[in-house]
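**Q** Take this structure, written in structure tokens, and hold onto it; I'll ask about it next.
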């Protein structure tokens, strides 16, 4: 897993792109490991808060960061910790 | 990691939203995405090393850019103003290429690869069956190769990899940040970095792009009106022409939907931005500074900074109208002197920049230093609060008897005179000083100004070394199409006999 890798959820439509990844590769959606081509699986009901296209998700230490490129029903976890949306500073458009 | 991901996301999140308007015709994100897929299939089957585009703005631009990205081929937009003799060596450097070109342009002499008219290309990608394509996913592959304008010699080929452009977009644009009724007017030519970043940024923001291939103030204003344009990017010469047009015609702009104008690509004279703020009181102005090698914008002077400068009598805040603002959150700026030491606030030196969007690479040769800093060759300084001021190209600095003189400082001062409409200060050879100061001046219509008056104005504000030793009055100054002053050409006006 390196920055730029695209991963799919096994439990929903969600897809993410890795921006930054720490030592662990324990990245899940809906409680099931994200993978490039996962077999469909049943999600963990406690991990189904959804993820939204265009949002960036990080852990508290910001050692891991992913961009959601397709929305889904599962929520993202890294090494057991639920990822949160990253607040980015809104900049005026310059292009 | 591939810039085409941004178009895929837009097509996923809002497939039926208008993505592009050209000559009254509209394209949705879904249409644009599928056209890019077909373009990618075409480029892959053509077995070429790159995709070149030699034409004015049209829907072929975003489709070729995104199609080339999916196909994993560098996209190379070429300057359609170049002569055949200038173009041939550039095409030679990228052969074999898939060349998409305009009808009015002479068919380049191509030894290998393929050539197609933009209109034929567009017909093809809007019509054929949807292909199955495998995306290129190497973040370190080349997304865009841009030949620099060559104002200082042979054009260099600047390389931007997917990772640089992706970092720029993720660091500066919010996905789907635009409302459905927002649109932006793009008038910068497609071979300019601002023309490329405009496509990628606005697709990621899901903001409709309205293309205007040939800039004219009247056409720009009328398109703002008919297409209900809400934002625009202009180079300083375009802004001056818009203001001149408004003054000449007495037109009112209060009814326009325009809420934001960003400007960049060259130095904006302070009187022009002051006029713009007065003429467009409801518009947010943003000044963006960036280079090809930095994937576009690296610093921003925000609308709040503009308003603060108008509302105060604090000299340092007013002066910021002439600044390019502060770095983006993901970008670092440092000013270094000739010895490579960091300059303190207020001291001019060369501008260095560092960050994930900075490529600093020319055809495989990186000019980044060991710590990742890119030397921009632009000269400038930071004020006490970190606002960046540009004082010209490092190569433009006039070295008079060991003293460094920035042309920008003298030009800014002369722009204050109502009798001067444009001015360029350059170095000229001097027997006594090595180099000395020369000025080319364009007078405002109906105004007069003597050499003595001009010199007195400078002498009363700056050290006497800044007073030009030669002055030429002319009808206009030479600019590139994107508003970059051709100093090299102005210099030749003074290259005759050295001042004794």
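What follows draws every value from the coordinates through simple rules; no lab data is involved. From a predicted model like this one, the values you see are computed outputs, not experimental measurements. All Cβ positions, glycine included, derive from the backbone under ideal geometry; neighbour counts span all protein chains shown.
**Q** State the extension gain, in nm to one decimal, for the chain segment bounded by residue B:128 and residue B:25, taking 0.36 nm per residue of separation less the distance between their alpha-carbons.
**A** Going from the current span to full extension adds 35.1 nm.
**Q** With a Cα-only, solvent-free Debye model of the stretch B:328-392, what are the log10 I(q)/I(0) values at q = 0.18, 0.27, 0.28 Å⁻¹?
**A** With one equal scatterer per Cα and no solvent, log10 I(q)/I(0) is -0.64, -1.22, -1.27.
**Q** Would you mind estimating how fast the stretch B:189-230 diffuses translationally, via Stokes-Einstein at 37 °C and 0.692 mPa s with the Kirkwood radius over Cα pairs, in µm²/s?
**A** Diffusion coefficient, whole number: 292 µm²/s.
**Q** Over the stretch B:139-268, what portion of Cα pair distances is larger than 26 Å, expressed as a whole percent?
**A** 29
**Q** What number in nm² do you get for the stretch B:234-365 if you take the convex hull of its Cα atoms and divide its surface by four?
**A** So the Cα hull casts an average projection of 10.4 nm².
**Q** Take every residue in peptide B:171-181, count the Cβ atoms of other chains within 10 Å of its Cβ, and give the average of those counts.
**A** Partner-chain Cβ atoms within 10 Å, mean over residues of B:171-181: 4.
**Q** Using the reciprocal of the averaged 1/r over all distinct C-alpha pairs, how large is the Kirkwood radius of the stretch B:302-449 in Å?
**A** 17.4
**Q** Another question, then. Which shape class applies to the stretch B:70-222: rounded if a/c is under 1.5, otherwise prolate when a/b exceeds b/c and oblate if not, where a ≥ b ≥ c are the square roots of the Cα gyration tensor eigenvalues?
**A** Since a/c stays below 1.5, the shape of the stretch B:70-222 is classed as rounded.
**Q** Using only C-alpha atoms and all pairs of different ones, pull out the Kirkwood radius for the stretch B:444-491 in Å with one decimal.
**A** 12.9
**Q** Also, I was wondering about something else. Restricting to the stretch B:4-307, compute how many DSSP beta bridges are antiparallel as a %, nearest 5.
**A** Here the antiparallel bridges make up roughly 30 percent for the stretch B:4-307.
**Q** Taking a temperature of 25 °C and a viscosity of 0.890 mPa s, what whole-number D in µm²/s does Stokes-Einstein yield for the protein assembly as shown with Rh from Kirkwood over alpha carbon pairs?
**A** In µm²/s, the coefficient is 96.
**Q** Then there's this: Mind listing P(r) for the stretch B:397-493? All alpha-carbon pairs, 10 Å bins, whole percents.
**A** 16, 51, 30, 3
**Q** Pop out the Kirkwood hydrodynamic radius of the stretch B:1-56 from its pairwise C-alpha distances, inverse of mean 1/r, in Å to one decimal.
**A** This gives a value of 12.6 Å.
**Q** Let me ask you something else. With just the Cα atoms defining each centre, how far is the stretch A:1-61 from the stretch B:1-73? Give it in Å.
**A** 28
**Q** Specify whether the C-alpha gyration tensor of the stretch B:20-108 places it in the rounded, prolate or oblate class, a ≥ b ≥ c being the square roots of the eigenvalues: rounded for a/c under 1.5, otherwise prolate if a/b is larger than b/c and oblate if not.
**A** Taking the square roots of the gyration eigenvalues as a ≥ b ≥ c, the stretch B:20-108 is oblate.
**Q** Using only Cα atoms, find the angle between the long axis of helix B:270-279 and the longest principal axis of chain B, and express it within 0 to 90 degrees, rounded to the nearest 10.
**A** So the inclination is approximately 60 degrees.
**Q** Take every DSSP beta bridge with both residues inside the stretch B:391-500 and express the antiparallel ones as a percent of the total, to the nearest 5.
**A** About 70 percent, rounded to the nearest 5.
**Q** Provide Rg and Dmax in Å for chain B, with only Cα atoms included in the calculation.
**A** 23.1, 73
**Q** With both partners inside the protein assembly as shown, how many of the DSSP beta bridges are antiparallel, as a percent to the nearest 5?
**A** 65
**Q** Turning to a different aspect of this structure: Compute the acute angle (0 to 90°) between the alpha-carbon long axis of helix B:4-13 and the principal axis of greatest extent of the alpha-carbon atoms of chain B; round to the nearest 10°.
**A** With both axes taken from Cα atoms, the answer is about 70 degrees.
**Q** Cut-off 19 Å, label point 7 angstrom out along Cα-to-Cβ of residue B:403: give me the residues of the stretch B:341-366 whose amide nitrogen falls inside.
**A** Counting backbone N atoms under 19 Å from the label point, the list is B:347-349.
**Q** In degrees from 0 to 90, rounded to the nearest 10, what is the angle of the helix B:193-205 Cα long axis to the longest principal axis of chain B?
**A** Between the helix axis and the principal axis of chain B, the angle is about 50 degrees.
**Q** Is there a simple number for the mean count of other chain Cβ atoms within 10 Å of the Cβ of residues in A:63-73, and what is it?
**A** That works out to 2 on average.
**Q** For chain A, what is the convex hull volume of its Cα atoms per residue in Å³?
**A** Value for chain A: 101 Å³ per residue.
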